[in-house]
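A short worksheet on the structure shown next.
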Amino acid sequence: MPRRARVLLTFDVEDPVAPASDDAVKWLADMLRKKGVSGAFFLTGDKARALVRRQRHDVFEALRTHDIGYHTNHHSTHPTVAEYLEPLDWAKGVAEVVAQERSGADLIRDLTGRDLCGFATAGTSWGPQVPGALSALGVPAHLHSFSRTGGGHNPHWYAGALCFARSEAVGPVEDVLPDPVRFAELIGRIPGMLEQAARSEDGVLHLYIGHPTMFVHREFWDAANYAGGRNPAPGAPLVAPGRRPPAETRTMLDNLARLIDVLHASPAAEFVAFGEMVAALRRRPGLDAGWFGSALGEAAGPGIRTTSRVLSPAQLLYAMCRELTGEDVERAGAVPEILGPVALPDSDHVPGHPDRLDATRLREAAASVCREVSAMGALPALAATDGVAVPVAALYRCLLDLTAGGSVRGLRSLPEAVPLSVTPELPEVAEEISEHYLRRVRRWMHRPDLDVTGLARITRAQTWSLRATALA
């Protein structure tokens, strides 16, 4: 029997301004429950406080059968996530995410009595330190990440966190629900979408339904209050978003119900709870015999590839360095998650390096990588050997070439001198991710002068940590 597509439904619950948005959350949660579907609702800290203030205990009760996630503490209030991360390096940025977001995450856990299923990006306000901070926040996954493997995968590992790519989600579905023509087009596309998802390595169809508030409003709550980097004056009332006509709200709810019925009726689809999928993806399967050679074979060829489900480029380089320094990596087993370089040089300029190293200096360079990973959990930007700094990409390519497409013997028996080639410093997908981030992040929810050049540089460096993942 062909594999079925695993369908996820997710919602961003963020409007603290309009009480009508509270009703929309309850309607949607109740609808899904009656249809036997578990959605994932990602709440902001401010929305949770508003629900408490308005005594909407019925909303929390309606959410009990669904997964609960986190959608930042203050969403569009300035400074936003990208704004507070703007001037910070990796380590200070991770610490700032934890400091800014812990109270909101803890509040939602306390109010719902539930563990959080994930952290969803707020709008386009993101930085690579967000996934890097999730383990400290006790959050198991990152939704709407700007990272992706470049191989069409959806779930993947990046910066030490299980991530779901923003670019691989379908939606927001709310945009088509009021429009009969566009909704009919979506229904017509469902069989093809399910077939494509079922045939993919991931088997995932992520339907980002959108925002409950947009089922009752025609504009976003934050556009009128926080656009262009401004916060409302202290004590000033917030502007409520314009309402939809009740008939249009009814149409949207009915069409969403129909969409769910169509998916339920399809033999090619099965609904999966987001939290269950995250738990399954985090259970890393045991390594097959010959796993190290397989990883080397996958990585063979030009460039630095990020589509392996076995090892990220950072993990593979670390494993090769361990093998080169005398360890039997195959027998040692699983390699821990490893970050890309976190201590970056002052510029992207790559220093010159010798065109070859003798066997002793090559082993010294490998040993310096092992020491850095053991101490920091991250690759160094440069591997040091006898006063010479070797870019890790050059070392990666050098060691990979020694393995001749999958044989570890080349790392155990070195020639007298090994060539170091000039090679791209980052994985193939790095510039694609960085350019997408730079285009998307500078939108109305940020200060006009927001400069994320530094964050984009850190984003590129962390592509070394990319690894695909999928359910068995």
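Within the same chain, lysines fewer than 8 places from K26 are excluded, and of the rest, those with a Cα less than 26 Å from its Cα are K34, K35, K47.
Measuring between their Cα centroids, region 1-35 and region 176-252 lie 11 Å from each other. Subtracting the Cα-Cα distance of T453 and E431 from their residue separation scaled by 0.36 nm leaves 6.7 nm. Seen against the Cα atoms of the chain and their longest principal axis, helix 180-199 is set at about 30 degrees. Shown in residue order for region 272-277 are the 3J(HN,Hα) couplings computed by the Karplus curve 6.51 cos²θ - 1.76 cosθ + 1.60 at θ = phi - 60°: 10, 5, 4, x, 5, 5 Hz (x for Gly and Pro). Length gained on full extension, M376 to A227, computed as 0.36 nm times the residue gap minus the Cα-Cα distance: 49.8 nm. Between V422 and A265, full extension at 0.36 nm per residue minus the direct alpha carbon distance yields a gain of 51.0 nm.
Work out the FRET efficiency for S413 and A343 from their Cβ-Cβ distance, taking R0 = 51 Å, and round it to the nearest 0.05.
Values: r = 33 Å, r/R0 = 0.65.
After rounding to 0.05, the efficiency reads 0.95.
Orientation-averaged projection of region 186-333 equals 16.2 nm² [convex hull of Cα atoms, one quarter of hull surface area].
What FRET efficiency comes out for the pair R54/R218, r = Cβ-Cβ distance, R0 = 25 Å, nearest 0.05?
Values: r = 22 Å, r/R0 = 0.87.
It comes out at approximately 0.70.
If R₀ is 41 angstrom, what is the calculated FRET efficiency for the pair A99 and L287, using the beta carbon separation as r and rounding to 0.05? E(calc), rounded to 0.05, equals 0.65. Counted over the chain, the DSSP beta bridges are approximately 35% antiparallel. Using just the C-alpha positions of region 1-158 as equal point scatterers, what log10 of I(q)/I(0) does the Debye formula give at each q in 0.16 1/Å? Taken in order of the listed q values, log10 I(q)/I(0) reads -0.91. Dipole magnitude for the chain: about 940 debye, using +1 per Lys or Arg Cβ and -1 per Asp or Glu Cβ, origin at the Cα centre. Placing unit charges on the Cβ atoms only, positive for Lys and Arg and negative for Asp and Glu, gives region 320-472 a dipole magnitude near 420 debye about its Cα centre. Taken over region 283-357, the alpha-carbon convex hull comes to 141 cubic angstrom per residue.
Hey, what's the per residue convex hull volume over the C-alpha atoms of the chain, in cubic angstrom?
Values: hull volume 68.2 nm³, N = 472.
Convex hull volume per residue, Cα atoms: 144 Å³.
Report note on the peptides 118-131, 230-243: ranked by the mean count of other C-beta atoms within 10 Å, highest first, their order is 118-131, 230-243.
Ellipsoid semi-axes for region 384-454, based on the Cα gyration tensor and the rule √(5λ), read 40, 15, 8 Å when sorted largest first. In region 214-358, a dipole from Cβ-located charges (positive for Lys and Arg, negative for Asp and Glu) runs towards its positive end, and of L317, S294, G242 it is G242 whose Cα lies farthest in that direction.
The rule of thumb for compact globular proteins, 2.2 N^0.38 Å, goes into the C-alpha radius of gyration of region 107-198 1.31 times.
If you take the Cα atoms of region 65-160, find Rg, then find the Kirkwood Rh from the mean of 1/r over all pairs, what is Rg/Rh?
Values: Rg = 13.1 Å, Rh = 13.7 Å.
Rg divided by Rh gives 0.95.
Label-to-label distance for E201 and W444 is 3.8 nm, based on points extended 7 Å past Cα in the beta-carbon direction. If you take the Cα centroid of region 351-408 and the Cα centroid of region 298-317, the two points sit 16 Å apart.
Counting only DSSP beta bridges with both residues in region 1-144, the antiparallel share comes to about 10 percent.
Roughly how big is region 13-154's charge dipole about its Cα centre, with Cβ charges of +1 (Lys, Arg) and -1 (Asp, Glu), in debye to the nearest 20? Don't skip to the end; give the middle numbers.
Values: 15 positive and 17 negative charges, 91 e Å.
Dipole magnitude for region 13-154 comes out near 440 debye.
Please work out, to two decimal places, the log10 of the ratio I(q)/I(0) at q = 0.12, 0.18, 0.26 Å⁻¹ from a Debye calculation in which every Cα of region 1-78 carries one identical scatterer. Summing over Cα pairs of region 1-78 leads to -0.35, -0.70, -1.29. Could you pull out which residues in region 217-242 have an amide N less than 12 Å from a spot 7 Å beyond the Cα of R182, following the Cα-Cβ vector? The answer is none. With the cut-off at under 18 Å, measuring from each backbone N in region 436-451 to a point 7 Å along the Cα-to-Cβ line of K92 picks out 450-451. Projecting label points 7 angstrom from Cα along Cα→Cβ for H78 and A236 puts them 1.1 nm apart.
All of the numbers you see were taken from the coordinates with simple rules; none came from a lab. What you see is a predicted model, and the numbers here were worked out from it, not measured in a lab. Heads up, the Cβs are rebuilt from the backbone with ideal geometry, glycines too, and the neighbour counts pull from every protein chain shown.
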